[in-house]
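Visitor: Before anything else, here's the structure in question.
The values are calculated or read from the model by the stated rules, or taken from the named source; none is laboratory data. Bear in mind that the values here come from a model prediction, so they are computed numbers and not experimental data. Ideal geometry is used to build each Cβ from the backbone, glycine not excepted, and the neighbour counts take in all protein chains shown.
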Amino acid sequence: MKHLTIFILLFFMIPAATTAFAGQAKTNTSNLVIHITGFENSNGIAKVVLVNSKKNYNKETPFKGYNFNIINNRVIKNITLPYGEYAIKVYHDENGNHELDTRIFGIPVERYGFSNNARGTFGPPEYEEALFNLNSPKKEITITLQ
């Protein structure tokens, strides 16, 4: 009888514990809808960099990088991401050379933008200006290139 009692207890406790731990391990994710406008044409691609910390904002190794096709002078993309803080940088790689082309003194020739439509005075805006929080099942943002 003792073995039967232990078996019954284990039979009911293990699935309950597994379900409880599975709920704790679940990461909340969000569907981020990105609208990018301000393209003068649909040539080339939109190079999009997603960063998830101040540490990787100015580095060559972002959290994620994307090449999006431009259709009718705009981009609309859905990305599933875990909840957290992010910033987005984008530029129109019109000639497909995978570089932001610049003039003298580093002034961009190709159009570019940041999340929150943040703008820097002499260079890119600070991370905190482009930062947005992803903390709901769906979020839409619009970036207008300059």
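Visitor: May I ask you to list the residues in segment 110-124 that are touching a residue at least 60 places away in the same chain (Cβ under 8 Å) and of a type in the set (D, E, K, R)?
Guide: Hit for segment 110-124 is R111, nothing else.
Visitor: Sticking with this structure for a sec: Name the residue that is modelled with the lowest pLDDT, counting only residues in segment 41-96 that are buried (at least 16 other Cβ atoms within 10 Å of the Cβ), more than 23 Å from P137 (Cβ to Cβ) and of a type in the set (A, V, I, L, M, F, W, C).
Guide: For segment 41-96, the residue satisfying everything is V49.
Visitor: Please tell me if E85 is charged (D, E, K, R), in a strand (DSSP E or B) and either more than 16 Å from V33 (Cβ to Cβ) or touching a strand residue (DSSP E or B) at 6+ places or on another chain (Cβ under 9 Å) (or both).
Guide: For E85, the condition - charged (D, E, K, R), in a strand (DSSP E or B) and either more than 16 Å from V33 (Cβ to Cβ) or touching a strand residue (DSSP E or B) at 6+ places or on another chain (Cβ under 9 Å) (or both) - is met.
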